[in-house]
Amino acid sequence: MKPFREQNQVTIGVVGLTVIGLLMMAAFKAQDLPLIGGGTKYSAQFSEAGGLKPNDEIRVAGVRVGQVRKVELEGTHVRVDFVVDRGVKLGDKTGAEMKIKTLLGQKYLKLNPAGAGELKEGSEIPLDRTVSAYDVVDAFTDLANTTERIDTAQLARALDTLSTTFRNTPDEVQASLTGLSRLSRTVAKRDEELKKLLQHSDTVTKILADRNQELVKLLKDGNTVFQAVQARRALIHQLLVSTQKLSAQITALVRENRKDLAPTLQKVNAVLATLLKNQNALDATLRNLAPFVRVFTNTLGTGPWFDTYLENVVPVPEVPLPQVPIPGLPILGGASR
């Protein structure tokens, strides 16, 4: 057999890339593999999706046993495909319910094992054994509609009549009925406030439902920030430790050089005291310096030359130039300085 170095490098490279590609494909599709995959596949029919989406949890008795794979419309109902971990026993009469996981409206699928037999792989739970989720928004809406239909005045009269009828009963019962009557009157008086409260609650729940994605994103971003802080925890700790060491070194340096620094600081204080005493003189010097600087600048403002003035100096007199005759040209008179 040839040594590894003497074999065809192109063939080795192709085989290596093929193996790497297969491993990557297996890593991404591990949940679909028969041996190490995601478990047993089932499906269920629901009258509506109810906010359920892929990757939501599957629970049995509160324990997570799988996840939802697909949610799609099939005719007049919704088909939900899900996978359950191997080893979970489900009877042939197993039912499914959509439940609310969080206040933000996230759902999960609850399985109710039932029946004497075993639910075969690939089986579909029919519509008569499934229950869709009851939304919080619908709950508040139904509550508001129900309270609007209650005749609070008639309810108060009925409770008053009941209290009057039982007025000869023992004190404990009479006190209970009297309190119930007072409660009914209070409810009747606060009818409008209760309606407004329920309407506002309905509005709040609708806003939360509409902003579900934003709230989830906000929580995810907060989690990302916390993860970043956690990842930088060692650096922040090292920074604080280094700062503490620097502070200790500066404190030690000051203590060691206190004798040398004390005379220097005293001299600095003496200089500052002298400057404060002569503050008026310094101000006057700065004011008088300004005109001198301006005149000095004007004097030297002509480039390499400077302008000056000498007092009581007579200007140089004009001297006539000698006349030198040039043949063929007339003699011109004039003077030059």
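The numbers here are math on the coordinates, done by the rules we state, and not lab data. All of these numbers come straight from a predicted model, not from anything done at the bench. Virtual Cβ from ideal backbone geometry, glycine too; neighbours counted across all protein chains shown.
Charging the Cβ of each Asp and Glu at -1 and of each Lys and Arg at +1, and nothing else, the dipole of the stretch 38-134 about its Cα centre rounds to 320 debye. In a simple Cβ point-charge model (Lys, Arg +1; Asp, Glu -1; nothing else charged), the stretch 216-258 has a dipole of about 40 debye relative to its Cα centre. Electrostatic bookkeeping for Asn112 treats Lys and Arg as +1 and Asp and Glu as -1; over the other residues with beta carbon under 14 Å from its beta carbon, the sum is +3.
Rounded to the nearest 20 debye, the dipole size of the stretch 68-123 about its Cα centre is 220 debye, using +1 on the Cβ of Lys and Arg and -1 on the Cβ of Asp and Glu. Taking label points 7 Å from Cα along the Cα-to-Cβ direction, Thr11 and Lys267 give a separation of 8.8 nm. Taking 29 Å as the limit for the C-alpha separation, the pairs Lys196/Lys220; Lys120/Lys217; Lys70/Lys217 exceed it in the case of Lys196/Lys220; Lys120/Lys217.
The calculated FRET efficiency for Val216 paired with Leu127, based on their beta-carbon distance and R0 = 22 Å, is about 0.15.
Among residues other than Glu74 with Cβ under 14 Å from its Cβ, the summed charge is -2 (Lys and Arg +1, Asp and Glu -1). Remark: Met24, Met98 ranked as Met24, Met98, counting other beta-carbon atoms within 10 Å and listing the fewest first.
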